[in-house]
Every structure is written in C-alpha cells, then in structure tokens.
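The values are calculated or read from the model by the stated rules, or taken from the named source; none is laboratory data. Quick caveat, the model's predicted, so the values are computed rather than measured. All Cβ positions, glycine included, derive from the backbone under ideal geometry; neighbour counts span all protein chains shown.
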Amino acid sequence: MSDYAQTMNLEKYTEVCFYIEDPKVMEIGGKMEELCEEAYMNGYNWEAFFNCYLAQNEPELLEGMQTDPEAGMYVAYYDLTPENEAKAAKFNELIHRLVEEPELLYDFMREHAWDVEWD
C-alpha cells in the first residue's frame with residue numbers, strides 16, 4: 001500500500017490526508033478528466049467528487065466531516081473521538097480501494113459525473 005493516503009491523529013482532530021500529486025493518483029485524475037472535462041482533479045475537485053461519492057455510497061462518513069482541500073492535497077478531518085477515528089480509518093481504506101481499483105472510480109464517473117458539483 002502506498003502512502004498517498006494517511007490517517008493521523010492530532011491534538012483535537014483525526015484526519016485523512018490524500019496526497020493527490022502522487023504519480024498513481026495523478027494518472028487516475030487524468031483519466032477522470034478524460035471522462036468529464038470539468039473534473040480537473042485538484043484538491044477542490046477531489047472534495048467535490050468525495051462529497052458526491054460518499055453521499056451515495058457511504059453517507060455516514062460525511063457526518064461530522066470537515067475538509068481542507070488544496071491544490072496538491074485533500075484533507076478530511078473529524079473531531080477526535082473513537083467513533084470518528086473509525087470513520088477516518090474507513091475513509092482512508094475507501095480511498096485506497098478506489099486508487100487500487102480505479103475502475104470503481106471510472107464507473108462512478110460514467111454514471112454520476114454530472115451529479116458532482118465540480119469546482
């Protein structure tokens with residue numbers, strides 16, 4: 001497993017950092033943009049994608065989630081509680097599954113790209 005997504009506990013938060021400039025992630029982002037011209041996969045569009053994807057597939061992960069997208073990374077974080085640590089770990093696993101099995105991502109894009117509120 002690569003380190004393109006990591007879960008970390010800070011003083012008040014548990015967070016998932018998704019490093020979108022990782023070569024594997026960049027390649028997937030390029031394919032997503034081929035499927036939908038608006039899907040230039042910077043941190044803001046990963047946020048838009050995950051908001052849509054999670055709402056349809058894992059809505060419980062959105063509960064209490066805050067985000068901090070940037071040009072080169074996407075961070076999701078929750079208040080530090082045992083329940084939220086489990087959510088962060090599950091989200092990290094989901095990111096890894098989508099990156100390691102990108103057809104899941106591409107199928108979602110083919111079906112739902114126009115549902116995403118792209119940046």
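Computed quantities for the displayed model
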{"quantity": "Unique match (being buried (at least 18 other Cβ atoms within 10 Å of the Cβ) and either at pLDDT 95 or above or touching a strand residue (DSSP E or B) at 6+ places or on another chain (Cβ under 6 Å) (or both)) among MET32, MET8, MET26", "calculated": "MET32"}
{"quantity": "Number of positions in segment 28-49 that are under 21 Å from THR14 (Cβ atoms) and touching a Leu at 6+ places or on another chain (Cβ under 9 Å)", "calculated": "0"}
{"quantity": "Segment 89-112 residues that are under 20 Å from THR14 (Cβ atoms), paired with ones that are surrounded by fewer than 12 Cβ atoms within 10 Å (Cβ to Cβ) and hydrophobic (A, V, I, L, M, F, W, C) (beta carbon under 7 Å, 6 or more apart)", "calculated": "HIS96/MET1"}
{"quantity": "Segment 54-93: number of residues that are of a type in the set (S, T, N, Q) and under 24 Å from ASP22 (Cα atoms)", "calculated": "3"}
{"quantity": "Qualifying residue in segment 58-79 (condition: out of contact with any Leu (no Cβ under 6 Å at 6 or more places or on another chain) and over 19 Å from GLU15 (Cβ atoms))", "calculated": "yes"}
{"quantity": "Test set (1) surrounded by 15 or more Cβ atoms within 10 Å (Cβ to Cβ); (2) of a type in the set (Ser, Thr, Tyr); (3) not in a helix (DSSP H, G or I) - TYR53 fails condition number", "calculated": "(3)"}
{"quantity": "All positions within segment 90-119 that are in contact with a strand residue (DSSP E or B) (Cβ under 7 Å, 6 or more places away or on another chain) and of a type outside the set (A, V, I, L, M)", "calculated": "PHE91, ASN92, HIS96"}
{"quantity": "Counted residues, segment 73-96 - those being within 22 Å of ILE28 (Cα to Cα) and touching a helix residue (DSSP H, G or I) at 6+ places or on another chain (Cβ under 7 Å)", "calculated": "5"}
{"quantity": "Residue count for segment 56-83, restricted to those that are surrounded by fewer than 18 Cβ atoms within 10 Å (Cβ to Cβ) and either under 19 Å from LEU104 (Cα atoms) or charged (D, E, K, R) (or both)", "calculated": "10"}
{"quantity": "Enumeration of residues in segment 68-119 that are of a type in the set (Asp, Glu) and assigned to a helix (DSSP H, G or I)", "calculated": "GLU83, GLU85, GLU93, GLU100, GLU103, ASP107, GLU111, ASP115"}
{"quantity": "Neighbours by Cβ (under 6 Å, 6+ apart or cross-chain): first from segment 28-51, closer than 21 Å to THR67 by Cα; second surrounded by fewer than 19 Cβ atoms within 10 Å (Cβ to Cβ) and of a type in the set (S, T, N, Q)", "calculated": "GLU47/THR67"}
